[in-house]
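K.L.:
The structure that follows is given in the form of structure tokens.
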Amino acid sequence: MIGLCTSHPNPDMWFPEEQESRGRPSRSAHQRMVESALKAIAICTQCPIRAQCLTDGMREENIEHGIWGGMLAGDRIILARSRRSGTIREQAIAFAEGVKAWQSIG
């Protein structure tokens, strides 16, 4: 069985933070990243391999990047209790918190 993201026409949607990774994104770029993340998460909720995907996303080499099993990198980092000061993990957590904030007003 394969994930719904595998056959999606825009697989980059599961890596929104990678699309605009140079410096701080503009407001419109950030909005696109959030919208992309929310769309990917919505697709994940219907995926038949969501649990396995989340397990894969918790692996050290995957935890800092992308949406796995419907969870943002920041959410997985918090879940794993592996937050490190001064690393990309803080940025991932901030992005996850921003998506949640955007979702609550949208």
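K.L.:
What FRET efficiency comes out for the pair Leu79/Arg27, r = Cβ-Cβ distance, R0 = 30 Å, nearest 0.05?
P.N.:
Computed FRET efficiency for Leu79 and Arg27 comes out at 0.55.
K.L.:
Out of Glu64, Glu90, Glu17, any idea which swings most in a Gaussian network model of the chain, alpha carbons joined below 10 Å?
P.N.:
Glu90
K.L.:
Only one of the values (1) 1.01; (2) 2.80; (3) 1.34 was calculated from this structure for Cα Rg over 2.2 N^0.38 Å; name its label.
P.N.:
Looking at Cα Rg over 2.2 N^0.38 Å for this model, the match is (1).
K.L.:
Suppose R0 equals 22 Å; then what is the FRET efficiency for Gln46 and Gln91 from their Cβ-Cβ distance, rounded to the nearest 0.05?
P.N.:
With a Förster radius of 22 Å, E is 0.20.
K.L.:
Taking only complete DSSP H runs, can you tell me which helices of the chain stretch 27 Å or more along their own long axis by Cα positions and average at least -0.5 on the Kyte-Doolittle scale?
P.N.:
TM-like helix candidates: nothing returned.
K.L.:
Sort Arg32, Arg24 so that the residue with the fewest other Cβ atoms within 10 Å of its own Cβ comes first and the one with the most comes last.
P.N.:
Sorted ascending by nearby Cβ count, the order is Arg24, Arg32.
K.L.:
Another one. To make sure I understand, if each residue's beta carbon is the centre and we count other beta carbons within 10 Å, what order do Thr6, Thr55 fall in, fewest to most?
P.N.:
Thr6, Thr55
Values quoted throughout were computed directly from the atomic coordinates according to the rules given, and no laboratory measurement underlies them. No experiment lies behind these values; they were computed from the predicted model shown. Cβ atoms come from the backbone with ideal geometry, glycine included; neighbour counts cover every protein chain shown.
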